[in-house]
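Single-structure report; data block below.
The values are calculated or read from the model by the stated rules, or taken from the named source; none is laboratory data. Note that the structure is predicted; figures quoted are calculated from it, not measured. Reconstructed Cβ throughout: ideal geometry from the backbone, glycine too, with neighbour counts over all protein chains shown. Note: accessible area is taken over every heavy atom of the protein model, side chains too, but ligands, DNA and RNA are not part of it. Shrake-Rupley method; radii C 1.70, N 1.55, O 1.52, S 1.80 Å.
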Amino acid sequence: MSLPIVVQVVVDKPLAQGFDYLWDKTMLGLDPQIGHVVEVPFGRSSLVGVVIKVSTHSEYEISKLKAVVKVAPLPPIDQAALRLMNFASQYYIHGLGETIIPAIPQMWKKPVNWEKLSAGLLVNDNKGPKKKENEKSLAEGFVSESQLNDVQKTALNQLNDSCPQEGFQVALLQGQTGSGKTAVFLNWLSALLKDKKSQALVLVPEINLTPQLERRVRAYFPEKKMAVLHSGISEKKRGNAWYEAITGEAQIILGTRLAVLTPLLNLSAIVVDEEHDPSYKQQDGIRYSARDLAIWRAHDLKIPIVLSSATPSLETWMAAKVGRYQHLRLDQRAQGTALPKVHLINVRDSQNQFSPGDKPKSANNICLSKPVLGAIQKSLDHKQQSLILINRRGYVPVLTCNACTWLSKCHQCSSYMVMHKAGTLGGRSVLSCHHCGLVKGIPSHCPDCGNADLKTLGQGTQKLEDAVEEWWPSARVLRVDTDSSRKSKGAEELFQEIHEGNVDIVVGTQMIAKGHDYQHVSLVVVVDADGRLFSQDFRAAERLFAQLVQVAGRAGRASKDGESSGDIYIETQFPEAAVYQYLLRHDIDGYLSHLAEEREEAKLPPFCFQALVHAESKSLDKAIRFLSKLKGQLQDQSMVGLGLKVYDPVPRSMMRVAGVERAQLLIESDDRKRLQTVLELINSDLRSQSQGRISKQDRIRWLIERDPISI
Ligand code: ADP
Ligand code: ZN
Ligand code: ZN
């Protein structure tokens, strides 16, 4: 009798280990391979898992093992992809199964579909390049190698010279928005992809960025198949695109952070666009940084990777400074336009405000300063568009009672409920919590004292939209935020309206700040930036700076030499703050040096490495005690000291969400390896007293996060 075939399978559960199953070759019709996606019995039902080991024996009694039910009609996940998953699982202290399985699109995790898929897949509707999009849209944004300007050519040559055929190399491509970075890396990839087998992975931060970039990338590769992967597309589309990517049919893979884990047999180059963008960090499940994993992957495969940004993250920029990464600079706007002029408007300065005497009636509701109103008017007069950026959606952030101290707090979260006007979240005005999603009617009287005179505090996109419409009754005003883009029109349609010039003034959240290549915008106004100057999160100012540079880059793209280059107005109470002062001079390197000094002095990342242990419970007390105990144990085991620092547990800055109290323990080390060792120890210790990630004793949910980006 022949030996039994035993496979070890990992599933999407917080477990360190896989499970053994029998492989019945006659029934399944093929030999097992590492990387096969399979259906296995699990408890009383079944799960999808991945084979990570094949052998002929098991530590368990063979006769008791259950058998693999089905094999997916997919090529096995390749060795290199599995190495990446293994690394991610180890580094981010997360089970291997719960790292691999979530990276497989939903469509492929439904075994009932597998027969159908294997039969129907290859006659799928969206084969080949899209049917003739009109010529114009194909040519959109296409800049051939010969059209590159000298600075771009130099950068391209440097990229080509430093990556002769093979070899790991990280290059930081730094240049202001509009300096032509995209044109450089697409030309670079275009040459690499002449080889009909090679694949390139292009990561982009946001979904709403993808349509425009997608068209642009297609324009460079009209003949090649491209797979687009992000969570905003249908299950079927994503499933198909992923299949084309893993089978090597698609040569270009364009996607958001989740695409970094796609198995790609012939991957030969990676680009991470806007590498500093916080959305590369996954914020639930395995909390990986897609940029960091992309660099690891490039290193593992010995291929080049380009990180592109106008405002590189401090980590990346410092690596480039010390020569660990190649530093390529594009410091002019590609089409010859100058950078927009920055105006800091001190809102404490009475000159900039209406005095009660000269305040026109229609100014009752508008909270914009005089210079800003003037600038928008000028832009309207010149038939140019204005963008007003405000980082709060909804009508007003808080509702309050004038007679007592009642505020519209969410009873489930440590935050306020935001008022939304009728028609935006349903038929009537409501209070909505942006953290837990709770929606309530607006009270007609104060719930505490009965006073009927409730007042609003602050302003959100909706209120500003109203005020702007009132001030300029004949202007065409458009609001762009997640509420408006969820409604009748999708985000893309809203952006289309702007591009086609059907709008004079856009009021929006940071959604409008990113990536879009607006052709008619000459003015950008930022109204509520100060809030982030004094955050407890040490990265808040860095992010604010990046965002302001981004949004400034939206102004004046269209203007040609000699014309005005666009303006950005920032309303602030603290014009002397470093963020604004460096922005005023467009001095990105200056700001980054300044940050580097600050961080070095405070011994903060990248001058140390951090991790958080999160604890969640119905009771904050319990969560804190759980973490204190953990800290105590680390001290007892003499883990602390010698380059390892453990802080006291504290409530998270958003302490309560949906009724769950959240606390965190910050661990810091100046040595990555040491931190790794300690985290692994904590992990195995906590696991041993938990069911999954819930501690058995006091029902605390815990999670370890490596390299957190907000503290
Ligand atoms: P970035 O990626 O740095 O923001 P892009 O590559 O998107 O810059 O270029 C900005 C704009 O300039 C785009 O509309 C692009 O098509 C155009 N562009 C880029 N390079 C050139 C060039 N060499 N000549 C003319 N236009 C260019
Ligand atoms: Zn009251
Ligand atoms: Zn809430």
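At-a-glance table
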quantity	calculated
Residue check for A338: at pLDDT below 95 and surrounded by fewer than 20 Cβ atoms within 10 Å (Cβ to Cβ)	yes
Odd one out for V579, checked against (1) within 26 Å of the chain's Cα centre (by Cα); (2) surrounded by fewer than 16 Cβ atoms within 10 Å (Cβ to Cβ)	(2)
Set D587, D685, D648: member being outside the structural domain of A319 (by TED's automatic domain parsing), over 30 Å from A546 (Cα atoms) and free of Cβ contacts under 8 Å to residues at least 40 places away in the same chain	D648
Condition met for E214 (surrounded by fewer than 21 Cβ atoms within 10 Å (Cβ to Cβ) and in contact with a strand residue (DSSP E or B) (Cβ under 7 Å, 6 or more places away or on another chain))	yes
Tally of residues being without any contact (Cβ under 8 Å) to a residue 24 or more places away in the chain, within 17 Å of E661 (Cα to Cα) and either open to solvent by less than 20 Å² (accessible area, probe 1.4 Å) or assigned to a loop (DSSP other than H, G, I, E, B) (or both) across the stretch 688-711	0
Subset of the stretch 661-684 (residues that are of a type outside the set (G, A, S), open to solvent by 50 Å² or more (accessible area, probe 1.4 Å) and over 25 Å from the mean Cα position of the chain (by Cα))	D670, D671, K673, R674, T677, E680, L681
All positions within the stretch 299-354 that are on the phi > 0 side of the Ramachandran plot and free of Cβ contacts under 8 Å to residues at least 60 places away in the same chain	G323
Restricting the stretch 385-408 to residues that are closer than 15 Å to D481 by Cα and open to solvent by less than 50 Å² (accessible area, probe 1.4 Å), the residue that is farthest from ligand 2 (Cβ to nearest atom)	L387
Top-ranked residue of the stretch 409-433 - restricted to ones that are buried (at least 21 other Cβ atoms within 10 Å of the Cβ) and more than 18 Å from T461 (Cα to Cα), ranked as farthest from the chain's Cα centre (by Cα)	C410
Residue check, L330 surrounded by 21 or more Cβ atoms within 10 Å (Cβ to Cβ), modelled with pLDDT under 95 and within 16 Å of ligand 2 (Cβ to nearest atom)	no
Residue count, the stretch 435-474 (criterion: within 25 Å of V657 (Cα to Cα), open to solvent by less than 70 Å² (accessible area, probe 1.4 Å) and assigned to a loop (DSSP other than H, G, I, E, B))	9
Residue in the stretch 633-652 that is open to solvent by less than 20 Å² (accessible area, probe 1.4 Å), under 21 Å from C436 (Cβ atoms) and either assigned to a strand (DSSP E or B) or out of contact with any Ser or Thr (no Cβ under 8 Å at 6 or more places or on another chain) (or both) present	no
Subset of the stretch 293-322 [open to solvent by less than 60 Å² (accessible area, probe 1.4 Å) and either farther than 19 Å from L595 by Cβ or within 16 Å of ligand 2 (Cβ to nearest atom) (or both)]	L293, A294, I295, R297, A298, D300, L301, I303, P304, I305, V306, S308
Residue list for the stretch 255-296, filter: farther than 21 Å from Q79 by Cβ and in a loop (DSSP other than H, G, I, E, B)	T256, E274, E275, H276, D277, Q282, Q283, D284, G285, R287
Count - residues of the stretch 156-185 that are modelled with pLDDT under 95, open to solvent by less than 70 Å² (accessible area, probe 1.4 Å) and touching a helix residue (DSSP H, G or I) at 6+ places or on another chain (Cβ under 6 Å)	4
Tabulated pairs, the stretch 175-188, first closer than 15 Å to V217 by Cβ, second among the aromatic types (F, W, Y) and part of a helix (DSSP H, G or I), C-beta under 8 angstrom, 6+ apart or interchain	L186/Y220; N187/Y220
